[in-house]
Amino acid sequence: MDLKPNLSTLATVIPVCTRLGCMHTGKSLHCFALKSGYLSNNFLVPALISMYAGDEDLCGARNLFDSVPEKNVVVWNAMISAYTQMQKAISAFEMFRCMLRVDLQPNFVTFVSVIPSCENSSSLSFGESLHACVIKHGSENQLPILTALVSMYAKLGDTDSSQYLFEPMPSKNLLLWNSMISGYVYNGLWNLSLGVFREMQFSGFVPDAVSIVSVLSACSKLEADLVGKSVHAFSIRKGFLSNLNLSNALLAFYSDCHRLSYSITLLREMPTKNSITWNTLISGCVHHCEMEKAVAFYHQMQKEGFQLDLVTLISILPSLGEKESLGQGMAIHGYAIKKGFSSDISMGNSLISMYCNCGDLDAGTLLFKVMPTRSVVSWNALMTGFRNHNLQNEVWVLFGEMIKDDERPNYVTLLNLLPACRTQLQGKSIHAVAFRTGIVQETPLHTSLMFMYARFENINSCLLQFQTGNMKDISLWNAFLSVQIQTKNSEIAVSFFRGLLRMGLEPDNVTVLSLVSACVQLNSLNLADSVSAYIIRKGFDKDLVISNALINMLARCGNILSARKLFEGLVEKDSVSWNVMINGYGLHGDSEGALDLFLQMKLSGVKPNGITYSSILSACSHCGLVEQGRLVFNSMAERGISPEIEHYACMVDLLGRTGNLTEAYGIVRALPFKPSTSMLESLLGACRIHEDVELGERIGRMLSESDPENSRSHVMLYNVYAAAGRWGDAERVRSEMEERHLRKVPGFSLVMGNGFNDKEVY
């Protein structure tokens, strides 16, 4: 049949071409319409403008628009909508003004098309002008326009105006409710969004997938576990899980609520996935420090044929933080260059952090230097890399370059600078910058300033930072407690913990660990028992780290039986659990208990580490168990553990105490590294006790060579000579001390609380 398509046929087919992305066919139809004279009628023009806009060809759309001599409101609406769709807000608004200047009356489609452009312009004045125009034309009560205005004001941050328009509307539809809910979510008003969601249901509206996605975002931010699970159950009942956007929102919700295992289970049950699905799960794994899982999902994503996009690469890079991961990071860098992602500033920042975390500071620095544009995040990424590698000078040099480059520092910049301060004056300068720029209101900066002032023993400034911070933020209290413990003011720390409870704040795990550390310093059994009871009553002992700290506290404060009872009650024990209990027995002089526990540890399958051996060797030393100590020390090599300085020190102390001075000296001479001063002093003290003057002289010479300004070693050698009755040699040592102006540090009596000179020996 030789039938030609008519105007109605083209009007039907062209929108189909737009939806399917068949632009070549659509343009052919445009040519056919032009040849057939169909464009003399405006009927086809709006569909063709929309087609060109769908192909991101605004020039083609505008040329077509300009070619129409007599434009009706539908043609103007199509062009305005095209500009809005392509986020050309100013052009859309200008097109609307041109339409008014030619005295063409806008209809509700015009307003619905142009109002969303104000959201992209971020101009509240544009939005208010359009609202005034809507009122002038008497369209303010039309539901589609009202919905667009509610959404516009919310996107521009004016939720009060959104609420003002929303509340008096007598007949609301689901789209309007969703606009109000999503508007609150967009502005971070999570509780208000949940309130509107409940009100919507009370009004008889059944939520759809769009409602659920918005509410899940609110639940994620509030960590409203129970509400989110209820929404999940509702979605299953209504069959919404086939909606991919909703499933992705559920993945993000469970990840944000620390239910990563739920996210993984949900992923396996999802019939369809997209790149957002994988990116959400990978970033969730990284956020929860499950780096191995993140890398595994990254590889699984590739195996299933999904294209890695910019978000994927930025999400996976933080999981590569070890030297062994450098090769994989370089491969991702190569892929980013191949795909054209490397010019993206966020990608560049992530790559700088990756190279620095993997130990290749040169690569990170080079990448930073060749970046075409930098943001404050770029400077912070490299600065953080330098700080993490203790390159304090480089941090300050980079900061100087940052200021010369007119880049304004943010609070992350200052957080990098404060630990690098070598003087209190430097720290006060950074404090002044923070105060002048208003950054000092950030709690992390308050805590960092506290630690900086604590390093210089300026406790008053620490207290001032605490008092001017957000007193309802538990991290501020944690920092102050930590500072008091670092400066040995544990009584103040305990007092402030009581104040924290009186304020009604809930301690977290960090607070409790600080409290336990304070008890260890105070060494008060009554306080330790009270703290132990509090921790168990509040359920903190379910955390293994806190249970281990509690065992250590009880053992150090003298309650070894309670420590052992708590140890035995642990559901699972790690190496730290065994180590603190073994060390506790050592502190109590119960070497048999320590050795028995050491044997149980090996039988349980938990591998002893270097700390375990230090604790056992120390216990053997305190009790003079030479044979057991030798066996334990020699067994280290069999288990593939190389002895460190503390293990050698324990053996030297053990052998010295028991009179095996020659063997102890042999260990010192054979050390693979330089002996510590404390190790040599321990052996020199043993020489005095066992009256081995010859060996004492050798050790004394070694101490003088390694630490010539140390008066303590000279005093100890003097005592060795004095104990052997060699007063001439003793006086020679005294004379050497006087010639070199070395003074003996006076002892301190815990009973009298005053300095005293040793009357028995020099």
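Considering only residues in the range 544-561 that are out of contact with any Leu (no Cβ under 8 Å at 6 or more places or on another chain) and in contact (Cβ under 8 Å) with a residue 12 or more places away in the chain, the one that is surrounded by the most Cβ atoms within 10 Å (Cβ to Cβ) turns out to be 553.
If I filter the range 192-211 down to residues being closer than 16 Å to residue 243 by Cα and among the small types (Gly, Ala, Ser), which single residue comes out as surrounded by the fewest Cβ atoms within 10 Å (Cβ to Cβ)? Can you show your working first?
At the first step, the residues of the range 192-211 found to be closer than 16 Å to residue 243 by Cα are 207-211.
Adding the requirement that they be among the small types (Gly, Ala, Ser) leaves 209, 211.
Working: 209: 20, 211: 23.
Filtering first and then ranking leaves 209.
Go over the candidates 64, 44, 48 one by one and state the one that is crowded, with 19+ Cβ neighbours inside 10 Å and either at positive phi or in contact with a His (Cβ under 7 Å, 6 or more places away or on another chain) (or both). After ruling out the rest, the residue left standing is 48.
One line per residue, one yes/no per condition, for (1) touching an Asp or Glu at 6+ places or on another chain (Cβ under 6 Å); (2) under 23 Å from residue 643 (Cβ atoms); (3) not in a helix (DSSP H, G or I):
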position: 567; (1), (2), (3): no, no, no
position: 580; (1), (2), (3): no, yes, no
position: 585; (1), (2), (3): no, yes, no
position: 597; (1), (2), (3): no, yes, no
position: 601; (1), (2), (3): no, yes, no
position: 614; (1), (2), (3): yes, yes, no
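Evaluate the following for residue 431: is it surrounded by 19 or more Cβ atoms within 10 Å (Cβ to Cβ), within 29 Å of residue 292 (Cβ to Cβ) and either free of Cβ contacts under 8 Å to residues at least 40 places away in the same chain or over 22 Å from the mean Cα position of the chain (by Cα) (or both)? Can you show your working first?
Values: surrounded by 19 or more Cβ atoms within 10 Å (Cβ to Cβ): yes; within 29 Å of residue 292 (Cβ to Cβ): no; either free of Cβ contacts under 8 Å to residues at least 40 places away in the same chain or over 22 Å from the mean Cα position of the chain (by Cα) (or both): yes.
Here the answer is no, as residue 431 does not meet what is asked.
When every residue of the range 154-164 is checked against the conditions, none turns out to be of a type outside the set (D, E, K, R), in contact with a Ser or Thr (Cβ under 8 Å, 6 or more places away or on another chain) and surrounded by fewer than 18 Cβ atoms within 10 Å (Cβ to Cβ).
For the range 303-404, which fully contained helices (runs of 4 or more DSSP H) count at least 3 residues that are β-branched (Val, Ile, Thr) and over 19 Å from the mean Cα position of the chain (by Cα)?
Working: elements: 310-316, 326-339, 345-357, 361-370, 376-388, 392-404.
The qualifying helices (runs of 4 or more DSSP H) are 392-404.
This table checks each residue for (1) within 14 Å of residue 531 (Cβ to Cβ); (2) within 21 Å of the chain's Cα centre (by Cα).
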position	(1), (2)
459	no, no
468	no, no
475	no, yes
481	yes, no
484	no, no
493	yes, no
501	yes, no
513	yes, yes
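Kindly indicate the residue of the range 644-666 that is without any contact (Cβ under 8 Å) to a residue 24 or more places away in the chain and surrounded by fewer than 20 Cβ atoms within 10 Å (Cβ to Cβ) and also farthest from residue 677 (Cα to Cα) among those meeting that condition.
Residues of the range 644-666 without any contact (Cβ under 8 Å) to a residue 24 or more places away in the chain: 663-664, 666.
Keeping just the survivors that are surrounded by fewer than 20 Cβ atoms within 10 Å (Cβ to Cβ) gives 663, 666.
Working: 663: 18, 666: 16 Å.
Residue satisfying both the conditions and the ranking: 663.
Restricting attention to the range 577-595, the residues that are surrounded by 19 or more Cβ atoms within 10 Å (Cβ to Cβ) and either of a type in the set (A, V, I, L, M, F, W, C) or without any contact (Cβ under 8 Å) to a residue 24 or more places away in the chain (or both) add up to 6.
Among the candidates 329, 321, 359, which residue alone is in contact (Cβ under 8 Å) with a residue 24 or more places away in the chain, under 24 Å from residue 383 (Cα atoms), buried (at least 21 other Cβ atoms within 10 Å of the Cβ) and not hydroxyl-bearing (Ser, Thr, Tyr)? Before you say what the answer is, go through the steps one by one.
Details: 321 fails: buried (at least 21 other Cβ atoms within 10 Å of the Cβ); 359 fails: buried (at least 21 other Cβ atoms within 10 Å of the Cβ).
Selected residue: 329, the only one of 329, 321, 359 that is in contact (Cβ under 8 Å) with a residue 24 or more places away in the chain, under 24 Å from residue 383 (Cα atoms), buried (at least 21 other Cβ atoms within 10 Å of the Cβ) and not hydroxyl-bearing (Ser, Thr, Tyr).
The numbers here are math on the coordinates, done by the rules we state, and not lab data. Quick caveat, the model's predicted, so the values are computed rather than measured. Ideal geometry is used to build each Cβ from the backbone, glycine not excepted, and the neighbour counts take in all protein chains shown.
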